[in-house]
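**Q** Sending over a structure as C-alpha cells; questions will come in a sec.
All of the numbers you see were taken from the coordinates with simple rules; none came from a lab. Everything numeric here is computed off the predicted structure, so don't read it as measured data. As a convention, Cβ positions derive from the backbone with ideal geometry for all residues, glycine included, and neighbour counts pool all protein chains shown.
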Amino acid sequence: MIKVSNLTKEFLQGQEKTQVLKGVDLNIKEGEFVAIMGPSGSGKSTLLQLLGGLDVPTKGDIQIAHKFLNKMKEKERTIFRRKKLGFVFQNYQLLPTLTVEENIAFPLHADGKLTNEKSKLIHELIHSVGLEGLNRKRANLLSGGQQQRVAIARALVNNPTVLLADEPTGNLDRARAEEILVLLSRFHHEKKQTIVMVTHDIFAAGFADRIILFRDGIIDQVISRKDSDYATYLANFMA
Ligand SMILES: Nc1ncnc2c1ncn2[C@@H]1O[C@H](COP(=O)(O)OP(=O)(O)OP(=O)(O)O)[C@@H](O)[C@H]1O
Ligand SMILES: [Mg+2]
C-alpha cells in the first residue's frame, strides 16, 4: 500500500542545509495500523507531510497504492490527496463556525453538490463516531474529544486509501484519548482502514500493529505486535 524508499528531506535555513530525513525505507501493508514514535525533531511530522503529499522530498520515492507521489505534478498531487488521503491533526483543524455535518461534508464539496447518497454517508459517519444529535452544532462549541471525532469523520468521508494522523490524541486527556484510539482501532478492524499515526504516547502506540521508532531522521527500531517480545517492549517503554 505504501512504499517509501531512500526518502530524504533537506530544509534550507538561510545558507545552512539540514537533513531531516536521511534515507528512510518503509513499507506499510494494506489494512495495517502503524504508529510512528521518536524524540521531538526526529522527523516524524516531516515524514507524514511527505506521505500526505503536503510537501515534496529532496530525494527518494513515495508510492501509495502504486502511484509515485514524488513524480506527480502539484495539481495531480492535490487531487490525489483530496481523493485518496485523510488527515487528522493534533489541533483538529475544523472550521469553527461551521456545524458538525458541514465540517464533515467539507471535503466533498470539491466534487460538486451533496447528493442524497453523500448526505446519508455523512449521517452514518456521525453515528459511527458517536456524535448523534450534534449534526447542527457549531464546531467551536464542542469539546476537544468531540472535535477530534468530527475531524476523524471528515478524514474518512472520502473513504481514503490511507488515514494519516499526527498526534491525534496529543491535546486530549487519557480518557478522551482512549476513546479516540478505540474509534481508530474500530475503523482499522472493521473497515480494514490503513492508518499511519504519529504519537508521543506509548499507550496510543500500543493500539497499532507495528511501532516504528525514529531517531534523528532514520528508522531506529521496528517492533511488531507479532514479535514475541512486544509486550515486554511496551512494558519497558511505559516503566
Ligand atoms: N518547513 C521547515 N523548514 C525548516 N525546518 C523544518 C521545517 N519543517 C521541519 N523542520 C525541521 O525538521 C526537524 C524535524 O521536524 P519534525 O516536525 O518532522 O519533527 P517531529 O519528529 O515531528 O517533532 P515533534 O515530536 O516535536 O512534533 C526539526 O528540526 C524542524 O525544525
Ligand atoms: Mg511532529
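**Q** Antiparallel DSSP bridges in the chain: what percent, to the nearest 5?
**A** 55
**Q** Sticking with this structure for a sec: Between the DSSP loop rule and a limit of at most 13 other Cβ atoms within 10 Å, which trypsin sites (Lys or Arg not before Pro) in the range 183-239 are left?
**A** Details: sites: Arg186, Lys191, Lys192, Arg210, Arg215, Arg225, Lys226; in loops: Lys192, Arg225, Lys226.
Of the trypsin sites (Lys or Arg not before Pro), the ones in loops of the range 183-239 whose Cβ has at most 13 other Cβ atoms within 10 Å are Lys192, Lys226.
**Q** At a temperature of 4 °C and a viscosity of 1.567 mPa s, determine how fast the range 12-69 diffuses translationally according to Stokes-Einstein, using the Kirkwood radius over alpha-carbon pairs as Rh; express D in µm²/s, rounded to the nearest whole number.
**A** Result for D is 100 µm²/s.
**Q** What is the gain in length, in nm to one decimal, between Asp220 and Gln19 on full extension, counting 0.36 nm per residue of separation less the C-alpha to C-alpha distance? Please report the intermediate quantities before stating the final value.
**A** Values: separation 201, 0.36 × 201 = 72.36 nm, distance 1.62 nm.
Length gained, Asp220 through Gln19: 70.7 nm.
**Q** Based on Cα coordinates alone, diagonalise the gyration tensor for the chain, multiply each eigenvalue by 5, take square roots, and list the semi-axes in whole Å, largest first. Before the final figure, lay out the partial values.
**A** On the way: eigenvalues 166, 102, 54 Å².
Equivalent ellipsoid of the chain: 29, 23, 16 Å, largest first.
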